Each structure stands twice: as C-alpha cells, then as structure tokens.
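Here the structure is laid out as structure tokens; the discussion comes afterwards.
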Amino acid sequence: MANASLYWFRHDLRLADLPGLIAASKAGQVIPVFIWDEALGGDWKMGGASQWWLHYSLQSLAADLSAAGSRLILRRGETVQVLAELLAETGAQDIFASRQYQPWAADLEQKVRDVTESSGGQFKRYPGTLLFEPENVRTGGGTPFKVFTPFWRACLKQPAPAQPQPTPTLLSPDTWPCSDELASWPLCPKQPNWAENWEALWQPGEAGASHALNTFLESHVDSYGDGRDFPAQPNTSRLSPFLKFGEISPRQVWWTAQNAKQSSPDEAGSIDKFLSEIGWREFCNHLVAQFPAMPDRAFNPKFEYFPWQTHSSHLVAWQQGNTGYPIVDAGMRELWQTGFMHNRVRMVVASFLTKHLLTHWREGEQWFWDCLLDADLASNACSWQWVGGSGADASPYFRIFNPIAQGEKFDKAGAYTRRWVPELAEMPDKYLYKPWEAPELTLRAAGVELGTTYPNPIVDHRTARESALEAYATLKNVSVA
C-alpha cells in the first residue's frame, strides 16, 4: 500500500488531540491497529476490571473510526510479532504511536523500532499521554523531583500545554487487513458476571469522557475544593478511568478547565485544586518513568526492612469488606460492585490495610490493580506507597487514619456507608461507625447481630495504632547506603 502507515493504539483510545494520529494522517493512508498482548506487563498485565473497560472502550473507538470512514484492526498476540506481520501484510512502511511510560515501555518501543527499521520504515513516537515530558521537568540541580508541591510549581512555570487539536481526516488504505472480532476476546466476565450492572454506571469511550468532564465543570466543580472529601456527594470528576485509557487527553482537560475559569472566575480556586489532582497523576507518571522499580519496591529503601505481617484472614476480610469497620467495608464493597472507589475512602482503606493490619502495601496495590477500572500503574503504585510511608513525598508514619473518626467526619449522615453496608442501614448515627459500642437493644432494633449479620472488628483500633507506631519506630535506626 503506497504511503500507508500503521497507527498503533495503546492507552490513547481516542481520535481528537492525538499527535501521533495527526502525524500519521498527514503522511498518507492510515491503518488503525490495537493489539491485545495478554502477557504484556508480566505481573502487571491488565486486571479484570480494566479488561471490562477496554472491551467497551474499543467498541466505542471502532464506532468512532467507522463514522470517520476508517476501521479499527484488532489483533491478539505478542506485540512485536503482530506488528511485524501487519507491516508485511499491508506493505505499510511506518508505525506511529503515543509514548508510554511503564517500566517495560522503553524496551518494547525499541523492539518495535528495530522491526520497523528492518523492513525499511520508521517508528515514530509522539507525546500525548501527559502534559509535560518527564525529562523536561527537573529540579534546579537537574534531578527528578521527589516532592509533589515543588514539582507541580515547576510544571506551572513551564510554557502552557499546546491547545488540543481536532480529529484529523483519515485516508483509508485500498484494501484492509483482516481483523479479529472484539466479541471473540474474553475481556468481559461471564460466569460469574461480576460486572453485570456496570454498563448502567459508566460510558467508556471518547464521548463518555467529554460528557464526564463537562458535567463536572458545569455542575460540580464549585463544590470540589472541600466537597471532594465527602463520598456521598457527587463532587468529584470520575475522570480517572477515561484518563487511564486515554479517551481524553490531559491537554483537553487542562484547556477545558482553563476556559471554565475564564467564564466562572468565582470557581477558579476549585478548578485549580482539580488541576492539581491532574498534576498528581502527572507526578506519579514522571516518577515511574524515572524510577521504574516503584511498582514493586519501596521508593524509600529503609522500608525494605519494615516488619510487615502476614495474616491471610485479615487480608481476605479487607478485600471482602468484612473488617468490622463500616467506612472501610463500605469502600471495599463499592470497589467490588462498581470498579471504583471515592478518593477519600481509598486513603482510609489503604491506611487501614498498611497501618492497622500491617499488611504490605503491595497486597493492596495488587488488589486495586485487579479491581479498579482506573488501575493506572503509576498512580496506583505511588498512592499506595504514599499512604504506607515508603514513597516519594510520603504521608508521615504517624498519620494513621482513625476509621471511626473518618466516617463520622466525612460521612456524618451515613448515606455512603449505609448504601454499601446495608446491614447497618437502621443503625443510629451515634453508633454507625462503632456498632460494637451500641447497647444490645439498639442493635436488636436495627436488626444487627454482631458476629452474625455484621462482623466484629478484626483488630482493635487503639491497639493496632500502637503496634503500627512501634513497627515504624524500628526504621529509625536502619541505615541504608
């Protein structure tokens, strides 16, 4: 095919503001390709919830390409081999793609470059996943930032991200290569179908991403500054799955938010706070790009000596939302039933696992990886290490969230907790977050039998807190070269 190129989709499943796709469109005919490489990432291959989202995101992308007069070619197999086969089948010369930042991305991209050049073409990689490239944001000493606030301050001093670009016109090849049927890929669960209600909750794809952003900025951002901590209220953007799969670009988010500031100056503070959370995603990706061991090893090497404990029954109780602490259980059940969890509650459940149960942060990281629709490798690793105390700009060791106080402060009326822990729906507010203190008559009136209809706490908060402080104190005398 004369002047034909492959566009290799990965975590950039959109058509608008995609620099690599724009470049490919200018070069001639474009063959859009997505490869499902089940082994890619090794231990960090795509989790179950993310596979569900991928199915519907690819469905949406294929429909958008069809509306634009193009097609999405689906292939399953080892990435480099499949791309080499497609180059041979189509006669395409070049491969265009967006840059990725996972620990394995650079090696994979080099192999793709080698196979492309061996057939006389070029591998052309473009930005598009982040606002700023990692090598362009440095401390005064030329080293990567390890603390978020100065990192984001340095980002804000950079030239503003370029304006988003519209969907390009795509020239189709004379003949199309064959494609797998999406339905033949076992991305969605069947028996049991733990995601059977998710289609009513989410709209994967570029249109869904745009709708989520606009709804947030038009209806909820004014309450974001303080309201984002209250899980019963719709004050967060819920954009993270769309960003994870690249159905919206950070530049689109940035400029839509900046335009909203211009039209609603009173909301500027809340919008800036929202953008700083986009900055946290940026920070995490920069860290993992430059410290690729972060998903697997403690960023602070002292924590390789931390006395983590292994209680499989505690881990299972946490995973299933049966710890006996209602706000923790509500969060874990929300995660299982929706593929999502409110950010404040993520911090509470993570603190409980690592500090109350002294369970290694990697256990939580791996559970979230499988259960979260927005399971971004960098954000997941950095956030778990932040809570556990071992990460960059980490939460102080002595910050141990009290799960009782967290519930009483951030879900005072109990709407969130009662929704996800319905067996406590009739408990009075006074005892909702500490049902073990309720008189027997109160429990009976609420239909609660501790140890039967709802579990007793698996650990005592005060004792667990003291044990955590003792464990963290053991690191004070650890010396690391």
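The values are calculated or read from the model by the stated rules, or taken from the named source; none is laboratory data. Since this is a predicted model, take the numbers as computed values, not measurements. All Cβ positions, even for glycine, are placed from backbone atoms using ideal geometry, and neighbour counts span all protein chains on display.
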Would you point out the residue of region 47-57, among those that are in contact with a helix residue (DSSP H, G or I) (Cβ under 8 Å, 6 or more places away or on another chain) and either in a helix (DSSP H, G or I) or free of Cβ contacts under 8 Å to residues at least 24 places away in the same chain (or both), that is surrounded by the most Cβ atoms within 10 Å (Cβ to Cβ)? Trp53
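Scanning for something charged (D, E, K, R) and either assigned by TED's automatic domain parsing to the domain that holds Asp376 or outside any loop (DSSP other than H, G, I, E, B) (or both), does region 229-243 turn up at least one residue? Before the answer, list the steps.
Restricting attention to region 229-243, the residues satisfying the condition of being charged (D, E, K, R) are 229, 238.
When the remaining residues are screened for being either assigned by TED's automatic domain parsing to the domain that holds Asp376 or outside any loop (DSSP other than H, G, I, E, B) (or both), the result is none.
No, region 229-243 contains no residue that is charged (D, E, K, R) and either assigned by TED's automatic domain parsing to the domain that holds Asp376 or outside any loop (DSSP other than H, G, I, E, B) (or both).
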Which one of Asp393, Asp376 is buried (at least 17 other Cβ atoms within 10 Å of the Cβ) and within 27 Å of Trp53 (Cβ to Cβ)? Asp376
Would a scan of region 156-164 turn up a residue that is loosely packed, with under 11 Cβ neighbours inside 10 Å, assigned to a helix (DSSP H, G or I), over 24 Å from the mean Cα position of the chain (by Cα) and at pLDDT 95 or above? yes
Which one is nearest to the chain's Cα centre (by Cα), of the residues in region 333-361 that are surrounded by fewer than 24 Cβ atoms within 10 Å (Cβ to Cβ) and aromatic (Phe, Trp, Tyr)? Phe340
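Only residues that are surrounded by fewer than 19 Cβ atoms within 10 Å (Cβ to Cβ) and in a helix (DSSP H, G or I): list them for region 411-426, please.
We begin by selecting, within region 411-426, every residue surrounded by fewer than 19 Cβ atoms within 10 Å (Cβ to Cβ); these are 412-413, 415, 419, 422-423, 425-426.
Of everything in region 411-426, those that are surrounded by fewer than 19 Cβ atoms within 10 Å (Cβ to Cβ) and in a helix (DSSP H, G or I) turn out to be Ala415, Arg419, Pro422, Glu423.
Kindly check whether there is at least one residue in region 318-332 that is in the same structural domain as Ser383 (by TED's automatic domain parsing), surrounded by fewer than 22 Cβ atoms within 10 Å (Cβ to Cβ) and of a type in the set (Val, Ile, Thr).
Pass one, region 318-332, residues in the same structural domain as Ser383 (by TED's automatic domain parsing): 318-332.
Filter again for surrounded by fewer than 22 Cβ atoms within 10 Å (Cβ to Cβ), leaving 319-320, 322, 324.
Cutting the leftovers down to of a type in the set (Val, Ile, Thr) gives us none.
Within region 318-332 (the criterion being in the same structural domain as Ser383 (by TED's automatic domain parsing), surrounded by fewer than 22 Cβ atoms within 10 Å (Cβ to Cβ) and of a type in the set (Val, Ile, Thr)), the answer is no, since none of the residues qualifies.
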Is region 433-440 home to any residue that is outside the structural domain of Asn235 (by TED's automatic domain parsing), under 24 Å from the mean Cα position of the chain (by Cα), assigned to a loop (DSSP other than H, G, I, E, B) and buried (at least 20 other Cβ atoms within 10 Å of the Cβ)? no
Residues of region 101-120 being touching a strand residue (DSSP E or B) at 6+ places or on another chain (Cβ under 9 Å) and in contact (Cβ under 8 Å) with a residue 40 or more places away in the chain, which ones? Val112
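Taking Leu275, is it hydrophobic (A, V, I, L, M, F, W, C), in contact with an Asp or Glu (Cβ under 8 Å, 6 or more places away or on another chain), in a helix (DSSP H, G or I) and within 24 Å of Ala16 (Cβ to Cβ)? Steps first, answer last, please.
Values: hydrophobic (A, V, I, L, M, F, W, C): yes; in contact with an Asp or Glu (Cβ under 8 Å, 6 or more places away or on another chain): no; in a helix (DSSP H, G or I): yes; within 24 Å of Ala16 (Cβ to Cβ): yes.
Considered against the rule, which asks whether it is hydrophobic (A, V, I, L, M, F, W, C), in contact with an Asp or Glu (Cβ under 8 Å, 6 or more places away or on another chain), in a helix (DSSP H, G or I) and within 24 Å of Ala16 (Cβ to Cβ), Leu275 comes out as no.
Within the group Asp370, Asp429, which residue is touching a residue at least 60 places away in the same chain (Cβ under 8 Å) and among the acidic types (Asp, Glu)? I'd like the intermediate steps shown before the answer.
Values: Asp429 fails: touching a residue at least 60 places away in the same chain (Cβ under 8 Å).
None of the other options fit; the residue is Asp370.
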Output the number of the condition that Trp152 fails; it satisfies all remaining conditions of (1) assigned to a loop (DSSP other than H, G, I, E, B); (2) not assigned by TED's automatic domain parsing to the domain that holds Pro19. (1)
Inspect region 21-30 for any residue being outside the structural domain of Phe368 (by TED's automatic domain parsing) and either in contact with a helix residue (DSSP H, G or I) (Cβ under 7 Å, 6 or more places away or on another chain) or farther than 21 Å from Lys124 by Cα (or both) and give the result as yes or no. yes
Breaking point among (1) among the acidic types (Asp, Glu); (2) in contact with an Asp or Glu (Cβ under 7 Å, 6 or more places away or on another chain); (3) closer than 21 Å to Cys284 by Cβ, for Glu78: (3)
Out of Ser66, Ser60, Ser70, sole residue that is polar (S, T, N, Q), surrounded by fewer than 19 Cβ atoms within 10 Å (Cβ to Cβ), within 24 Å of Thr167 (Cα to Cα) and at pLDDT 95 or above: Ser66
